[in-house]
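Below: the structure, in structure tokens.
The values are calculated or read from the model by the stated rules, or taken from the named source; none is laboratory data. Here the structure is a predicted model, which means the values were calculated and not measured. Note that each Cβ is placed from the backbone with ideal geometry, even for glycine, and that neighbours are counted across all protein chains shown.
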């Protein structure tokens, strides 16, 4: 349990992901000095009322010596500004994804991490989901043999009427490859224990001509350094009547077995949050009991700040951002409003 005198603050409150950080910090006994966002979005008011956290008028109110950690869900294109502000003011910072939206911001992030004055965290929460944590244990124990293929499907529901205008701007948001594949690139490295060796990516635009640089569908083929092949897919086409924001699946094939994770439940089986099925050379197809990790992502980040071992390292954050930028830069594009066919 943290000393109750330790405080954190929120600099930028544009996406609901930040509520996870707020809840976990408060649960660990920290107190929040306030939420600062110059736009004062509705979300800031909702979280202020829900958790009894003051709304701040000036970012200077976050500079106090007792404020050790900053959380941020600022506009994606502005997150490096927040990170550099935190570095100047000696505040560690945890942000929702994505941190970077292009190569220039990636280079700025690299510079901050190279100087090493603060720790920079990203809410790569997938590692801390029970189903994925249980899969990691199975892979490390060799239950599936050597993993040779990993497929991740991450469709999303758009509901454009609920989105900020910046969500549809490539410059301010980064686009769906940077925004939605960031979790997958992190999981590829973590689950396989291998580095990313090559990426071939594609993105397509089928909807919303009023937002010309908003793409809605993407895929990537990835080769890892140890030979594992991965297939990534994401989109903004989950139907409005879906039981979940996205029917997310993860498939692993190994030399001795296969696994399937249904991360948002399955209406044909039951609407529980996570399902894990496995079949091996020695065991029949069966549902696996899930094991929860010992810590949440916020506890893990605080461990890194205190120079204790952590599941998610600064290098993990940087390499995940690097892979996302490379995939975005190299993507073959198709625009249904302009193109008759994609070209290589």
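When the residues of region 305-333 are narrowed to those that are in a helix (DSSP H, G or I) and touching a strand residue (DSSP E or B) at 6+ places or on another chain (Cβ under 7 Å), which ends up nearest to residue 117 (Cα to Cα)? Can you show your working first?
Filtering region 305-333 down to residues in a helix (DSSP H, G or I) leaves 305, 314-329.
Next, from what is left, pick out any that are touching a strand residue (DSSP E or B) at 6+ places or on another chain (Cβ under 7 Å): 305, 314, 317, 323, 326-327.
Numbers: 305: 11, 314: 12, 317: 16, 323: 24, 326: 26, 327: 29 Å.
So, considering only residues that are in a helix (DSSP H, G or I) and touching a strand residue (DSSP E or B) at 6+ places or on another chain (Cβ under 7 Å), the one nearest to residue 117 (Cα to Cα) is 305.
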In region 230-247, residue surrounded by the fewest Cβ atoms within 10 Å (Cβ to Cβ) [restricted to those that are in contact with a strand residue (DSSP E or B) (Cβ under 7 Å, 6 or more places away or on another chain) and outside any strand (DSSP E or B)]: 237
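So for region 116-123 (the condition being out of contact with any helix residue (DSSP H, G or I) (no Cβ under 7 Å at 6 or more places or on another chain) and over 23 Å from residue 298 (Cβ atoms)), does at least one residue qualify?
no
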Any hit, region 265-277, residues being surrounded by fewer than 12 Cβ atoms within 10 Å (Cβ to Cβ) and touching a strand residue (DSSP E or B) at 6+ places or on another chain (Cβ under 9 Å): yes
Test: residue in region 156-174 that is over 16 Å from the mean Cα position of the chain (by Cα) and buried (at least 21 other Cβ atoms within 10 Å of the Cβ): no
Which numbered condition residue 98 fails, given (1) in a loop (DSSP other than H, G, I, E, B); (2) at positive phi; (3) crowded, with 17+ Cβ neighbours inside 10 Å: (2)
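Working only within region 66-95, note down all residues that are part of a loop (DSSP other than H, G, I, E, B) and at negative phi.
66, 74, 75, 89, 91
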Residue ranges of helices (runs of 4 or more DSSP H) in region 167-216 with at least 2 members within 21 Å of residue 122 (Cβ to Cβ) and free of Cβ contacts under 8 Å to residues at least 60 places away in the same chain: 182-192
Some residue of region 303-312 being more than 30 Å from residue 202 (Cα to Cα) and in contact with a helix residue (DSSP H, G or I) (Cβ under 6 Å, 6 or more places away or on another chain): yes
Residue satisfying condition, being farther than 18 Å from residue 125 by Cβ, in contact with a strand residue (DSSP E or B) (Cβ under 6 Å, 6 or more places away or on another chain) and in the same structural domain as residue 141 (by TED's automatic domain parsing), within set 227, 257: 257
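Please determine, by comparing only the residues of region 21-47 that are in a loop (DSSP other than H, G, I, E, B) and on the phi > 0 side of the Ramachandran plot, which one is surrounded by the fewest Cβ atoms within 10 Å (Cβ to Cβ).
It comes out as 29.
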Tally of residues being within 21 Å of residue 154 (Cα to Cα), under 23 Å from the mean Cα position of the chain (by Cα) and free of Cβ contacts under 8 Å to residues at least 40 places away in the same chain across region 272-305: 2
